[in-house]
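Contents: one structure, followed by commentary.
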Amino acid sequence: MSTASDPSATTGDLPTDVFRKHGHELIDWIAGYLDNPGQYAVLSQSRPGDTIAALPTAAPAKGEEMTDILADFQRVIIPGITHWNNPSFLAYFAISASIPGILGEMLATALDTNAMLWKSSPSATE
């Protein structure tokens, strides 16, 4: 539970223990995806409009449980994805979603750096 000393109590963000729990779930999903990239069709089997038709017409009035969000991800998003890391995908570019790249993206996302000017973030600018 959030407490006054917990930053999530004032920011409206999730508590870090909830972040850890769902973060581990997502890492497990990603690892499973990377372990067996051939489990999905190379090209999407969706037809134009399938994804938008599967989405609600309005955002939910309150946040949904992560299990529901992940179920929607599997049901709505995954069928409309071309799986570039499928071993049968032999066009355009090589896979760029390497494990080190995914971990780097996680760090970059967590820092949310705005590298507009050197002073705003020297490490990102340089």
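The values are calculated or read from the model by the stated rules, or taken from the named source; none is laboratory data. Everything numeric in this text was worked out from a predicted model, so none of it was measured. Because the Cβ atoms are built from the backbone with ideal geometry, glycine has one as well, and the counts that use them run over all protein chains shown. Ligands, DNA and RNA are stripped out before the accessible areas are found, and what is left, the full protein with its side chains, is counted by its heavy atoms. Shrake-Rupley method; radii C 1.70, N 1.55, O 1.52, S 1.80 Å.
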* Can you tell me which residue among Leu43, Leu14 is open to solvent by 50 Å² or more (accessible area, probe 1.4 Å), farther than 20 Å from Ala110 by Cα and aliphatic (A, V, I, L, M)? => Leu43
* Asked: Name the pairs: first residue in region 79-104 and closer than 22 Å to Asp50 by Cβ and open to solvent by 90 Å² or more (accessible area, probe 1.4 Å), second residue at pLDDT below 75 and not charged (D, E, K, R), Cβ to Cβ under 6 Å, at least 6 apart or on different chains?
  -> Trp84/Ile95
* Identify all residues within region 65-84 that are in contact with a helix residue (DSSP H, G or I) (Cβ under 8 Å, 6 or more places away or on another chain) and more than 26 Å from Pro100 (Cα to Cα); write none if there are none. => Arg75, Val76
* List the number of the failed condition for Thr51; all other conditions in (1) surrounded by 13 or more Cβ atoms within 10 Å (Cβ to Cβ); (2) among the polar types (S, T, N, Q); (3) without any contact (Cβ under 8 Å) to a residue 12 or more places away in the chain hold. => (3)
* Filtered residues of region 25-59 (kept if more than 15 Å from Ile78 (Cβ to Cβ) and under 19 Å from the mean Cα position of the chain (by Cα)) -> Glu25, Ile27, Asp28, Ala31, Asp35, Ile52, Ala59
* Test set (1) free of Cβ contacts under 8 Å to residues at least 40 places away in the same chain; (2) surrounded by 10 or more Cβ atoms within 10 Å (Cβ to Cβ) - Leu34 fails condition number -> (1)
* To do: Could you list, in sequence order, all residues of region 54-78 that are loosely packed, with under 10 Cβ neighbours inside 10 Å and either farther than 23 Å from His24 by Cβ or touching a residue at least 60 places away in the same chain (Cβ under 8 Å) (or both)?
  => Pro56, Thr57, Ala58, Ala59, Pro60, Ala61, Lys62
